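K.L.:
My questions will all concern the structure given below.
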Amino acid sequence: MQTSRSHVRRDAGRRTGSVLVFALMAILVMTVVVTLLTQLSRGQDAAVSGRIDDSRAFHLAEAALSEGMTAVRAGATGNVGRPDAPAYLGRGAVWVTATPVDAETTRLVATAAVGSGRAALEAVVEIVEHEPLFTAVLNSREQLTLNSSVRIDSYDSTLGTYASQAVNVHDGAAYANAGGDVTSNAGIVLNSGATVLGDAIPGPGYSVAFNTGSYVSGATAPSPTSFAFDPVDVPVVPSTGPLTVPQGGTHTVPPGTWGFDDLDIERNGTLTVVGPAVVVVDSFTGGKDGRLAIDASGGPVTFVVAGTYTVLNGFENVPVADSPMAVAFLIAAAQDIVFPSGAKVRGGYYAPDANIVFTSANEAWGSFGGNRVDMSSSMQFHYDESLSDYWANQENGGDPLDVLMWREVAVEPAILLRDRRDAFAALGVAAEDLPAPADAWDL
Amino acid sequence: MRPAVALLAGVALLAAGALPLRAARADAAVCADLAAHVAAVLAAAAEAAPTRAEALAAELLAPGREVAPHLVEALLAEAAAPRSPAAIDALRLAAARLAPVVLRTELAARVEPPPSAAARVEVLRLLGARGGARDLRLVVDFAAPAPPEAGVDPRVGRALEGALEGLLARDAAALGYVPSALRAAPVELRPYLVRAAAESGRPAAFTQLGRLLAADPDLDRIVLPFLPRAAIAAPRPLDAGVLREVRGRLLAVDRLLQRSAAQAAGALQDGAAVPLLVELLADPDPTLRAVVHAALQRLTDLRLPAAPERWSAWLASEQAWGAAQGGRACEALRSADVGEVLAALRELGEHRLERERWTRHVAEVVDHPHAPLRRSACATLRRLGSPAALPSLVEALSDPDPAVVAEAHGALRALTGHQLPPDPGAWDDLLPPAAPARELSAVRAGPDR
């Protein structure tokens, strides 16, 4: 049986060569597997890194879009940088492309590239022109009747006192400027001897009626639209409690936003408010012979009164030396606002749901808008032209920009989506050469 | 006998002299009692809750009508110096329950000297709630400025508006008293009276105020601006005499009056004013030109620029067509040939100068037996744009053909600006009513006749 042993000896020699091959094959397979696993791991890392970069790009695109909206609000085109000359923001590159849709509407597309991330957002925005809140000396929702011998003109408190500007003469009486407009959403009646040195504009479908001896120097055609007496939006400001200025005492409120419960200036007390300031109160009471001194040299002063507004005989709002009389009372409540006999009234008053009553022997410098304005005979009203510069009708929270639509869109140019190199390399720009977004506006 | 007779005569004379004295003493005693009664009730009211006002009012009135003078006196005093809500409420309720003639008598006795502004406000509220046509003069008396040079007190002015509104709403005959009230009223009260009449919603107010134009030139500047408000409730066609008076004021020397007249002519849709308005487009006063231009656009719905030559050319062409072809086109509307009627409708729809006249003719086609012609008639009425079309269009909402209904509905929405459903009942409120004969005759029978 030698044959089987030699057969086995021959077979063993052949089997030794196969093991090497199998071993080599095993090593090869292992190498391939390891390589695949390595590449898979690298790919996952890259994907995670890419998602992070895309997320960063999304947020940068939002920031860029906001920059474009800021530019539109400021009257610029809305373009911020260009694809070939972007702005630098948050280690990435951004640009905004603005396309006008119509006179008031603009389409903004903000694109951002950071690392390998790419994102683009589109918004359509509209500029809403808010009419100034104080455009006329008297503005009423109901019929406006100017009592007999009432005289109305205008002046500009930024140029000094009314007396210093009243250098013109009409019908034997001095006046400053002929910008004393009166408006109403209903009709306007000028009782005997009433004089308006300005326009008298009634509401749509209404007219101006003239009693004996009355006169309007300007236009009397009705307005095509009614004034939107929007409600007063009382801002939420934490209150620091009541503010009381004691009898004969003084107190100063510095610039800023302030909240109080009830504000009470007692008899002969003086409260000075330095602008720019917003003072939000539950109620306002001005005691006999008290003073509210306004320093609007640095900015206007706004009182927002959620409840009642009450002033007693002799109380006055007065400007500090050389300050314009830029003070406004925005009154939310519906109770009548009554200026007592002999009151000298200064400032802008907007009380869309309240009636404003001047009882007798009053004189007023400013602007008065309410549900209804009643006055005594022979009153004088002087519209302060500077008031129209400070306060707008508070539609849309006062923001002139309305966002009509917002969405994610495809990144343009499309090659950026394929080329996922570093953003600056893909765009062919150097980061250190790029301006900040605020410096990249296309005016 | 003679001494006895003389004695008897003397006694009789004495008795006759003593009776009035006794009666006067009795009256004074009653008067004092009534005054004391009112004072006592009011004293109780000072401590009472406002919910007791009804009961207190009944107590005040318990003695009968004799208490009226004291009641009214107390009301005026309480209004001037209020003590408690219950007292003033009780007095108001009690005064409101007095017979109108009693109330009028008592108030008339207290016009002079003028009470305080607060008291006058109270009286005006009372008259507004209870008064009638004959109280209009009393309203004016209590609203009159006191002193005269003071002007209208703001609170009294507001109360006056409320009183006039209430009075005119309650009594249609009050309109007839407006002219005499205007003549007696201080100048400052005239706008209040005119406005109240214009906004009373009375169909006869337009004619009544229009008569004031003819009767009193001083009232022109007050009445003219309110005529369009009065016309809202006036029956159509509007009083031609009033429209003629308005047109006459277009040539006034007074610039403000001219402006008011131009505005009124546009608002009243007076097509006959168009030639005068076109002439006024060449006026040197830019403010007047602007008002006239707006009036022309309103009258014709044409958006031509404010160039006199453009409007003159349009006017000449319209007048020429109206004279030469208008009659023929209106005749063609009655043709048996559908094509001819359609052509006439199309032609009439392009001419705006006499659109109210063409509207009346086209409106007849809304009843045509042929549905497509009824539909075309509604479309033509829409193109002409005259408010005179409203009644026919509302009627067409009941048409059996849905296409006619749709066309009429679209025309109504375009002409009125209202988005109401295609239901005739929904549109009835927008139609100017026909003035009830009773109301017109009540106005005509007023004290000014």
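The values are calculated or read from the model by the stated rules, or taken from the named source; none is laboratory data. Worth saying up front: this structure is predicted, and the values here are computed from it rather than measured. Quick reminder, even Gly has a Cβ in these numbers, built from the backbone with ideal geometry, and neighbours come from all protein chains shown. Just so you know, the surface numbers come from the protein's heavy atoms only, side chains and all, with ligands and any DNA or RNA stripped out. Shrake-Rupley method; radii C 1.70, N 1.55, O 1.52, S 1.80 Å.
K.L.:
Within segment A:193-204, is there a residue that is surrounded by 23 or more Cβ atoms within 10 Å (Cβ to Cβ), assigned to a loop (DSSP other than H, G, I, E, B) and within 8 Å of another protein chain (Cβ to nearest Cβ)?
P.N.:
no
K.L.:
In addition: Of the numbered conditions (1) touching a helix residue (DSSP H, G or I) at 6+ places or on another chain (Cβ under 7 Å); (2) open to solvent by 40 Å² or more (accessible area, probe 1.4 Å), residue B:79 fails exactly one; give the number of that condition.
P.N.:
(2)
K.L.:
I want to confirm something. Restricting to segment A:348-370 and keeping residues that are out of contact with any helix residue (DSSP H, G or I) (no Cβ under 9 Å at 6 or more places or on another chain) and within 12 Å of chain B (Cβ to nearest Cβ), which single residue is modelled with the lowest pLDDT?
P.N.:
A:361
K.L.:
Continuing with the same structure: Given the criteria modelled with pLDDT of 90 or more and surrounded by fewer than 19 Cβ atoms within 10 Å (Cβ to Cβ), does residue B:109 qualify?
P.N.:
Answer is yes for this residue.
K.L.:
Kindly indicate whether residue A:269 is within 14 Å of chain B (Cβ to nearest Cβ), out of contact with any helix residue (DSSP H, G or I) (no Cβ under 7 Å at 6 or more places or on another chain) and either open to solvent by less than 20 Å² (accessible area, probe 1.4 Å) or of a type in the set (D, E, K, R) (or both).
P.N.:
Here the answer is no, as residue A:269 does not meet what is asked.
K.L.:
Could you check segment B:158-205 and list, in sequence order, the residues that are out of contact with any helix residue (DSSP H, G or I) (no Cβ under 8 Å at 6 or more places or on another chain), more than 12 Å from every other protein chain (Cβ to nearest Cβ) and of a type in the set (A, V, I, L, M, F, W, C)?
P.N.:
Residue satisfying the conditions is B:169 alone.
K.L.:
Examine segment A:245-263 for a residue that is under 23 Å from the mean Cα position of the chain (by Cα), within 24 Å of residue A:135 (Cβ to Cβ), open to solvent by 10 Å² or more (accessible area, probe 1.4 Å) and in contact (Cβ under 8 Å) with a residue 40 or more places away in the chain, and state whether such a residue exists.
P.N.:
There is no residue in segment A:245-263 that is under 23 Å from the mean Cα position of the chain (by Cα), within 24 Å of residue A:135 (Cβ to Cβ), open to solvent by 10 Å² or more (accessible area, probe 1.4 Å) and in contact (Cβ under 8 Å) with a residue 40 or more places away in the chain.
K.L.:
Let me spell it out: the conditions are (1) over 22 Å from residue A:74 (Cβ atoms); (2) touching a residue at least 40 places away in the same chain (Cβ under 8 Å); (3) part of a helix (DSSP H, G or I); (4) open to solvent by 30 Å² or more (accessible area, probe 1.4 Å), and residue A:388 meets all of them except one. Which number is the exception?
P.N.:
Answer for residue A:388: the failing condition is (1).
K.L.:
Look at residue B:298 and say whether it is more than 24 Å from residue A:203 (Cβ to Cβ) and outside any loop (DSSP other than H, G, I, E, B).
P.N.:
No; evaluated as a whole, the condition is false for this residue.
K.L.:
In segment B:198-241, which residue that is surrounded by 23 or more Cβ atoms within 10 Å (Cβ to Cβ) and of a type in the set (Val, Ile, Thr) is nearest to the chain's Cα centre (by Cα)?
P.N.:
B:223
K.L.:
Given (1) open to solvent by 50 Å² or more (accessible area, probe 1.4 Å); (2) more than 30 Å from residue A:307 (Cβ to Cβ); (3) more than 12 Å from chain B (Cβ to nearest Cβ); (4) touching an Asp or Glu at 6+ places or on another chain (Cβ under 8 Å), identify the lone condition not met by residue A:225.
P.N.:
(4) is the only condition that residue A:225 fails.
Residue-wise test of (1) over 29 Å from the mean Cα position of the chain (by Cα); (2) at the interface with chain B (Cβ under 10 Å from one of its Cβ atoms); (3) modelled with pLDDT of 95 or more.
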site: A:343; (1), (2), (3): yes, no, no
site: A:346; (1), (2), (3): no, no, yes
site: A:377; (1), (2), (3): yes, yes, no
site: A:397; (1), (2), (3): no, no, no
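K.L.:
When residue B:100 is evaluated against the numbered criteria (1) closer than 23 Å to residue B:216 by Cα; (2) away from every other protein chain (no Cβ under 12 Å), which criterion, by number, is the only one it fails?
P.N.:
(1)
K.L.:
Another one. Quick one: how many residues across segment A:108-160 are more than 14 Å from every other protein chain (Cβ to nearest Cβ) and either more than 29 Å from residue A:184 (Cβ to Cβ) or crowded, with 20+ Cβ neighbours inside 10 Å (or both)?
P.N.:
Within segment A:108-160, residues that are more than 14 Å from every other protein chain (Cβ to nearest Cβ) and either more than 29 Å from residue A:184 (Cβ to Cβ) or crowded, with 20+ Cβ neighbours inside 10 Å (or both) number 31.
K.L.:
Is it the case that segment A:170-178 has a residue that's under 32 Å from the mean Cα position of the chain (by Cα) and away from chain B (no Cβ under 14 Å)?
P.N.:
Yes, segment A:170-178 has at least one match.
K.L.:
Considering only residues that are under 35 Å from the mean Cα position of the chain (by Cα) and either loosely packed, with under 13 Cβ neighbours inside 10 Å or part of a helix (DSSP H, G or I) (or both), which ones fall in segment B:303-314?
P.N.:
B:303
K.L.:
I want to confirm something. Restricting to segment A:406-417 and keeping residues that are part of a helix (DSSP H, G or I) and within 10 Å of residue A:118 (Cβ to Cβ), which single residue is least open to solvent (accessible area, probe 1.4 Å)?
P.N.:
Filtering first and then ranking leaves A:416.
K.L.:
In segment B:249-277, which residues are open to solvent by less than 10 Å² (accessible area, probe 1.4 Å), more than 24 Å from the chain's Cα centre (by Cα) and either within 11 Å of chain A (Cβ to nearest Cβ) or farther than 16 Å from residue B:213 by Cβ (or both)?
P.N.:
Across segment B:249-277, the qualifying residues are B:274, B:277.
K.L.:
Right, another one. Of the residues that sit in segment A:82-97 and are among the small types (Gly, Ala, Ser) and open to solvent by less than 20 Å² (accessible area, probe 1.4 Å), which one is nearest to the chain's Cα centre (by Cα)?
P.N.:
Per the stated criteria, the residue is A:87.
Results for (1) within 19 Å of residue B:334 (Cβ to Cβ); (2) surrounded by 18 or more Cβ atoms within 10 Å (Cβ to Cβ); (3) under 33 Å from the mean Cα position of the chain (by Cα), shown as yes or no for each residue.
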| residue | (1), (2), (3) |
| --- | --- |
| B:369 | yes, no, no |
| B:377 | yes, yes, no |
| B:381 | yes, yes, yes |
| B:386 | no, yes, yes |
| B:403 | no, no, no |
| B:410 | no, no, yes |
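K.L.:
Same structure, new question: Could you give me the residue pairs with C-beta distances under 9 Å whose first residue belongs to segment A:279-303 and is closer than 18 Å to residue A:233 by Cβ, whose second residue is hydroxyl-bearing (Ser, Thr, Tyr) and in a loop (DSSP other than H, G, I, E, B) wherever it lies, and which are 6+ apart or on separate chains?
P.N.:
A:280/A:239; A:281/A:239; A:282/A:239; A:282/A:308; A:283/A:308; A:284/A:308; A:300/A:390; A:302/A:390
K.L.:
Might you let me know whether segment A:4-17 holds any residue that is acidic (Asp, Glu), in a helix (DSSP H, G or I) and either over 20 Å from residue A:117 (Cα atoms) or modelled with pLDDT under 70 (or both)?
P.N.:
Yes; the residues of segment A:4-17 include at least one that is acidic (Asp, Glu), in a helix (DSSP H, G or I) and either over 20 Å from residue A:117 (Cα atoms) or modelled with pLDDT under 70 (or both).
K.L.:
State which residue is farthest from the other protein chains (Cβ to nearest Cβ) when the search covers only segment B:138-157 and only residues that are buried (at least 24 other Cβ atoms within 10 Å of the Cβ), part of a loop (DSSP other than H, G, I, E, B) and out of contact with any Phe, Trp or Tyr (no Cβ under 9 Å at 6 or more places or on another chain).
P.N.:
Across segment B:138-157, the extreme among qualifying residues is B:153.
K.L.:
Quick one: residue A:212 ticks every box in (1) among the β-branched types (Val, Ile, Thr); (2) open to solvent by 30 Å² or more (accessible area, probe 1.4 Å); (3) without any contact (Cβ under 8 Å) to a residue 60 or more places away in the chain; (4) more than 13 Å from chain B (Cβ to nearest Cβ) except a single one, so which number is it?
P.N.:
Going through (1) among the β-branched types (Val, Ile, Thr); (2) open to solvent by 30 Å² or more (accessible area, probe 1.4 Å); (3) without any contact (Cβ under 8 Å) to a residue 60 or more places away in the chain; (4) more than 13 Å from chain B (Cβ to nearest Cβ) one by one, residue A:212 breaks only (4).
K.L.:
Among the residues in segment A:231-242, are any buried (at least 18 other Cβ atoms within 10 Å of the Cβ), touching a residue at least 40 places away in the same chain (Cβ under 8 Å) and either within 14 Å of chain B (Cβ to nearest Cβ) or assigned to a strand (DSSP E or B) (or both)?
P.N.:
no
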